[in-house]
Amino acid sequence: MRVLIAEDDTVSRLALARAVSGWGYEVIAVEDGNAATEILMRRDPPEVAILDWMMPGASGVELCKAVRQGEHGSYTYILLLTAKTEPQELAEALDSGADDFIRKPFNPLELRARVSAGVRIIELQKSNRAALQSVRASERRYRELFENARDTIFVTDAEARIVSLNHTGESILRYAQADLLGTPFAHLVVESDREKLALSLVNARQSGRAFAEVELRTGFASVLTLDVSVRPLFGMGALSGFEIAARDCSDEKRTRLALRRSERRFNYIASVGLVGLFFANRDGEITFTNDALLRMLRYTRDQWSAAALRWNFFTGSNGDARSTDAQLAHYGFCPPYRKDVTAGDGTLVSLMIGAAVSEEEGEILAFVLDVTENTKHDAGEPGSGGNV
């Protein structure tokens with residue numbers, strides 16, 4: 001810690017310098033106000049200054065005023081050294097910017113106590129300044145992340161009124177931030193989802209994070225489905241607001257609904273018994289069959305398990321046993337083809353088969369129709385209803 005001593009009296013200056021350096025401080029000693037001014041106006045001035053009130057060049061009071069007017073970040077704790085005792089004069093010293101004063105001739109114990117008090121204040125200010133700089137750096141980083149995030153991010157007050165919306169949110173939701181300031185976030189949420197939002201705010205306060213899927217109205221009067229993450233914000237130990245991050249999941253929701261519809265349709269087809277279905281894995285093992293397929297092929301479940309038929313039992317249209325696998329490998333599906341197979345009771349059954357391969361697992365799904373009667377009819381066999 002550096003201490004500037006500005007005293008025109010040589011004996012007093014040397015005594016001050018000897019005492020202060022003996023306490024472990026780095027001393028810079030000058031004999032007039034001009035030299036002190038030059039040192040105190042540097043970008044990195046001493047942390048503590050002991051200035052004589054009356055000295056050549058610039059008085060201690062003048063120096064105090066100049067230092068306080070010219071400070072840019074660094075603070076110097078100033079002790080004014082004076083023989084003056086009038087309250088009005090001492091008040092003038094403090095008003096000029098001095099932090100404290102000590103009377104001449106100085107008492108070493110009193111001087112040490114006042115210098116130590118100044119050092120503690122300077123160290124506290126440095127600590128506070130470092131903390132403030134850290135907070136400001138964190139705020140800058142947060143602002144950069146906030147504005148450049150791919151998700152929509154709202155910041156609200158403790159009552160969930162909007163105080164900020166990032167650029168992504170403005171673009172996706174078609175709102176200008178200025179138009180939403182002070183608006184309750186719930187007003188953007190469709191009525192049927194507001195209770196869900198309210199519950200998320202409560203859960204976020206209790207557990208630190210909450211999630212929900214809600215629908216929001218956009219500035220173009222459309223509605224988007226958003227996955228919302230709610231995080232509480234605290235200041236001075238109390239709730240100050242919420243950060244609400246939202247990601248558009250409208251396409252995902254439409255996909256889920258389409259999959260559910262497809263699943264219902266598939267389950268219906270599999271259960272009504274009009275169409276035979278089976279799955280086969282990459283190795284050709286048949287992993288699932290519905291009851292309709294077993295009826296077509298005259299098998300019981302136990303007989304089917306014992307027969308251990310594989311995918312190649314169904315492959316290849318009549319006259320071209322390789323075409324099915326080739327088309328599945330090239331296109332991922334094959335158009336319906338006819339295949340005559342021997343049923344479990346030894347009879348010949350004509351099947352119409354269509355198949356496709358799932359992209360993710362490579363599993364084959366096949367649909368099977370029994371066209372035996374149609375085949376007999378086309379061939380004009382007796383009892384088929386065709387021409388003999």
Boolean, Ser229 is farther than 18 Å from Ser171 by Cβ, surrounded by fewer than 15 Cβ atoms within 10 Å (Cβ to Cβ) and in the same structural domain as Glu159 (by TED's automatic domain parsing): no
Test set (1) surrounded by fewer than 11 Cβ atoms within 10 Å (Cβ to Cβ); (2) farther than 27 Å from Leu79 by Cα - Leu109 fails condition number: (2)
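Among the residues of segment 282-289, is any part of a strand (DSSP E or B), buried (at least 16 other Cβ atoms within 10 Å of the Cβ) and in contact with a Phe, Trp or Tyr (Cβ under 8 Å, 6 or more places away or on another chain)?
Quick first cut of segment 282-289, residues part of a strand (DSSP E or B) only: 285-289.
Checking the rest, the ones that are also buried (at least 16 other Cβ atoms within 10 Å of the Cβ) come to 286, 289.
If we keep only those that are in contact with a Phe, Trp or Tyr (Cβ under 8 Å, 6 or more places away or on another chain) as well, we get 286, 289.
Scanning segment 282-289 turns up at least one residue that is part of a strand (DSSP E or B), buried (at least 16 other Cβ atoms within 10 Å of the Cβ) and in contact with a Phe, Trp or Tyr (Cβ under 8 Å, 6 or more places away or on another chain).
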Filtered residue count, segment 62-72, keeping only those that are buried (at least 20 other Cβ atoms within 10 Å of the Cβ) and in contact with a helix residue (DSSP H, G or I) (Cβ under 7 Å, 6 or more places away or on another chain): 2
Yes/no for Asp99 being farther than 21 Å from Gly241 by Cβ and surrounded by fewer than 17 Cβ atoms within 10 Å (Cβ to Cβ): no
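Please work out if Ala19 is over 14 Å from Leu51 (Cα atoms) and of a type in the set (A, V, I, L, M).
Numbers: over 14 Å from Leu51 (Cα atoms): yes; of a type in the set (A, V, I, L, M): yes.
Yes: the conditions hold for Ala19.
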Test set (1) within 49 Å of the chain's Cα centre (by Cα); (2) under 16 Å from Asp8 (Cα atoms); (3) not aromatic (Phe, Trp, Tyr) - Gly57 fails condition number: (1)
Tyr299, sole failed condition from (1) surrounded by 16 or more Cβ atoms within 10 Å (Cβ to Cβ); (2) under 30 Å from Asn312 (Cβ atoms); (3) touching a Ser or Thr at 6+ places or on another chain (Cβ under 8 Å): (3)
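Residue-wise test of (1) in contact with a Leu (Cβ under 7 Å, 6 or more places away or on another chain); (2) acidic (Asp, Glu); (3) assigned by TED's automatic domain parsing to the domain that holds Thr156; (4) closer than 18 Å to Ile162 by Cβ.
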| residue | (1), (2), (3), (4) |
| --- | --- |
| Ala198 | no, no, yes, yes |
| Gly208 | no, no, yes, no |
| Ala212 | yes, no, yes, yes |
| Leu216 | yes, no, yes, yes |
| Thr225 | no, no, yes, no |
| Met236 | no, no, yes, no |
| Leu239 | no, no, yes, yes |
| Phe242 | yes, no, yes, yes |
| Asn267 | no, no, no, no |
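Could you please give the count of residues in segment 249-272 that are within 25 Å of the chain's Cα centre (by Cα) and either loosely packed, with under 15 Cβ neighbours inside 10 Å or among the polar types (S, T, N, Q) (or both)?
First, the residues of segment 249-272 that are within 25 Å of the chain's Cα centre (by Cα): 249-256.
So of that shortlist, the ones also either loosely packed, with under 15 Cβ neighbours inside 10 Å or among the polar types (S, T, N, Q) (or both) come out as 250-252, 254-256.
Residues that pass the stated criteria total 6.
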Counted residues, segment 335-357 - those being more than 13 Å from Thr315 (Cβ to Cβ) and either basic (Lys, Arg) or in contact (Cβ under 8 Å) with a residue 40 or more places away in the chain (or both): 5
Residue pairs meeting the criteria (Cβ under 6 Å; at least 6 apart or on separate chains; first buried (at least 20 other Cβ atoms within 10 Å of the Cβ), in segment 73-85; second in a strand (DSSP E or B) and of a type outside the set (A, V, I, L, M, F, W, C)): Leu79/Asp100; Leu81/Asp52
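Could you list all residues from segment 112-138 that are farther than 29 Å from Ser12 by Cβ and surrounded by 13 or more Cβ atoms within 10 Å (Cβ to Cβ)?
We begin by selecting, within segment 112-138, every residue farther than 29 Å from Ser12 by Cβ; these are 124, 126-138.
Once the filter is applied, which keeps residues that are farther than 29 Å from Ser12 by Cβ and surrounded by 13 or more Cβ atoms within 10 Å (Cβ to Cβ), segment 112-138 yields Lys126, Arg129.
I need the full set of residues from segment 345-373 which are of a type in the set (Asp, Glu) and under 13 Å from Ala280 (Cβ atoms), in order please. Outline the logic, then answer.
Step one: of segment 345-373, the residues of a type in the set (Asp, Glu) are 345, 359-361, 363, 370, 373.
Listed by number, the residues that qualify are Glu361, Glu363.
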Close pairs from segment 244-269: first modelled with pLDDT of 80 or more, partner part of a helix (DSSP H, G or I), Cβ under 7 Å, at least 6 apart: Ile244/Phe185; Asp248/Ile172
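The values are calculated or read from the model by the stated rules, or taken from the named source; none is laboratory data. All values derive from a computational prediction rather than experimental measurement. Cβ coordinates were reconstructed from backbone atoms using ideal geometry, including for glycine residues, and neighbour counts include every protein chain displayed.
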